[in-house]
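Working notes, beginning with the structure itself.
What follows is calculated from the coordinates using simple rules that are stated; it is not laboratory data. Model, not experiment: these values are computed from the prediction. Ideal geometry is used to build each Cβ from the backbone, glycine not excepted, and the neighbour counts take in all protein chains shown.
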Amino acid sequence: MQNNDNLQGGEPLLEVRGLKKYFTVDTNFFGKPIKFLKAVDGISFSVDKGKTLGIVGESGCGKSTMGRSLLRLYDGVQGEIIFHGKDINKYSNRQFDAIRPNLQMIFQDPYASLSPRLTVGEIIGESARQHGIVDRAHYHEYILHVMDMCGLQPHYFERYPHEFSGGQRQRICIARALALKPELVVCDEPVSALDVSIQAQVINMLIDLRQSLGLTYIFISHDLSVVKHISDEVGVMYLGNIVEYGSKADIFGETLHPYTRALFSAVPVPNPHVKMNRIMLKGDIPSPVNPPSGCKFHTRCEQCMDLCREIPPEYREVKPGHYCACHLYNSKEDTERLYAEKAEAQRLEEEKRKAREAKPLYKFKAAVIDKPVTAVKGAVLSTIDKIKNRKDKSAKDDKPADGDSGNEE
Ligand SMILES: Nc1ncnc2c1ncn2[C@@H]1O[C@H](COP(=O)(O)OP(=O)(O)O)[C@@H](O)[C@H]1O
Ligand code: SF4
Ligand SMILES: [Mg+2]
């Protein structure tokens with residue numbers, strides 16, 4: 001699958017179409033990028049207001065890059081990011097700054113994302129004050145209210161982040177994001193760095209806050225049980241693409257994609273009488289710099305067919321609201337069409353190549369560049385030959401003839 005361009009219905013707060021973020025890994029002599037790491041390679045989805053979209057996938061499949069791209073934390077993000085009906089990826093920096101409070105992110109590491117020099121009150125309130133969310137007169141009262149929502153005691157206001165545990169620090173991060181009154185919050189593995197005992201508390205707090213504040217979440221995690229608990233809909237990512245998308249019930253109850261099945265089979269079942277049928281994934285996730293041809297998952301898929309190695313599967317609605325990119329769900333006509341399209345694309349490519357070679361630039365190159373190069377090469381070689389012949393001849397001349405002593409006098 002290259003582009004997940006079919007969209008889901010509903011009244012979306014956020015609609016993403018063909019999102020791509022490529023990192024440059026190599027440039028030519030002139031600094032022009034020539035090799036890319038395709039961290040996010042054409043993703044489309046939508047999230048309705050008040051809902052949670054869970055994103056799962058192995059480490060390195062592009063989850064964080066996707067989340068950060070939505071919030072324009074990178075340059076060079078391609079595709080449409082339609083928020084409240086407007087493509088914010090086309091906004092100038094000034095336009096985007098005006099709506100920035102509305103889109104917030106909670107990061108995985110609560111230790112790295114808090115300034116050690118600021119008090120908790122300053123950390124939570126600084127951006128809210130800068131963006132004019134609250135006026136000076138109500139500032140203190142407002143920040144205490146946000147702290148209370150996030151389970152932070154009022155006397156923490158004057159304390160510093162290093163005085164708190166991981167769970168409390170993550171609550172500070174959440175309060176900082178919510179103080180800006182966002183509508184959309186991207187939560188990037190917000191509990192992965194916390195103790196298991198604390199994780200449930202923070203997740204339940206996020207669920208309560210979503211309900212009370214009408215928030216919309218994109219919840220990124222590699223922990224399937226957490227995603228199952230919090231999400232309404234789930235997208236499964238593999239090597240920069242969404243390979244399966246649907247409601248939580250569909251994804252967990254009627255799994256379609258072999259990759260999703262393999263991921264789910266690895267989750268331990270808390271019942272000693274239930275036999276686990278674990279599907280072992282072959283090898284590691286391939287490099288996004290050189291992804292496999294055809295279906296990117298074919299190198300690890302137990303059900304791989306010849307077609308999978310050659311042609312990327314289409315991302316299509318297999319059942320109502322349940323999308324999947326896998327050739328297993330092709331009809332006979334789909335497969336025939338895909339082969340025909342591939343043959344046509346190859347024919348066009350061949351035609352283009354021939355047309356390129358017939359272009360005046362190529363003739364000019366052949367006439368002006370290739371010929372002189374060939375001529376110079378020929379001249380150099382013949383000069384080398386001449387020198388060699390001359391040397392051989394003089395060596396022969398210097399050699400005394402048979403029976404000649406070499407002394408003529
Ligand atoms: N700033 C960057 N520069 C180059 N490559 C990056 C950068 N950030 C992430 N990547 C690469 O992009 C791919 C996806 O990374 P990431 O989005 O962090 O995955 P995940 O969050 O699913 O673990 C990885 O191969 C990673 O090495
Ligand atoms: S069956 Fe083919 S298309 Fe489907 S996931 Fe496996 S390799 Fe990919
Ligand atoms: Mg990540």
* **Potential lengthening between LYS282 and GLU341 on full extension [0.36 nm per residue; Cα-Cα distance subtracted]** => 18.2 nm
* Based on DSSP H assignment, which helices of the chain show an axial Cα extent of at least 20 Å together with a mean Kyte-Doolittle hydropathy greater than or equal to -1.0? -> 196-213, 371-398
* **For the range 95-177, Kirkwood radius (reciprocal of mean inverse C-alpha pair distance, Å)** => 13.0 Å
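Restricting things to Cα coordinates, could you compute the convex hull volume per residue of the chain in Å³? Don't skip to the end; give the middle numbers.
Working: hull volume 131.6 nm³, N = 409.
Cα-based convex hull of the chain, divided per residue, equals 322 Å³.
Longer than 24 Å from Cα to Cα, which of LYS49/LYS86; LYS296/LYS352; LYS21/LYS86; LYS20/LYS90; LYS51/LYS86; LYS63/LYS228 are they? Say none if no pair is. Numbers along the way, then the final one.
On the way: LYS49/LYS86 15 Å; LYS296/LYS352 27 Å; LYS21/LYS86 20 Å; LYS20/LYS90 14 Å; LYS51/LYS86 19 Å; LYS63/LYS228 17 Å.
Long pairs (Cα-Cα over 24 Å): LYS296/LYS352.
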* Summing -39500 (n - 2.57) over the DSSP H runs of n ≥ 4 in the chain and dividing by its residue number, what mean residue ellipticity at 222 nm do you reach, to the nearest 500 deg cm²/dmol? -> -11500 deg cm²/dmol
* Which percentage, to the nearest 5, of the DSSP beta bridges contained in the chain is antiparallel? -> 65 percent
* For the range 1-158, with equal point scatterers placed on the C-alpha atoms only and solvent neglected, what are the log10 I(q)/I(0) values from the Debye formula at q = 0.10, 0.14, 0.20 1/Å, to two decimals? -> -0.51, -0.91, -1.32
* Structure fact -> At R0 = 45 Å the Cβ-Cβ FRET efficiency linking SER115 and ALA358, nearest 0.05, sits at 0.10
* Asked: Between GLU350 and PHE23, 0.36 nm times their residue separation minus their Cα-Cα distance comes to what?
  -> 114.8 nm
* Using amide H atoms built 1.01 Å from N in the peptide plane, name the residues 5+ places from GLY235, or on other chains, whose amide H lies under 5 Å from its own. => GLY54, ILE55, VAL56
* What order do you get for VAL196, VAL185 when you list them from fewest to most C-beta neighbours inside 10 Å? -> VAL196, VAL185
* **Straight-distance crosslink candidates among lysines, where the alpha carbon sits under 29 Å from LYS359 and sequence neighbours closer than 8 are dropped** => LYS32, LYS35, LYS342, LYS371, LYS377
* Under-5 Å amide H pairs with ILE106, H placed in peptide plane, nonlocal only -> VAL186, CYS187, ASP188
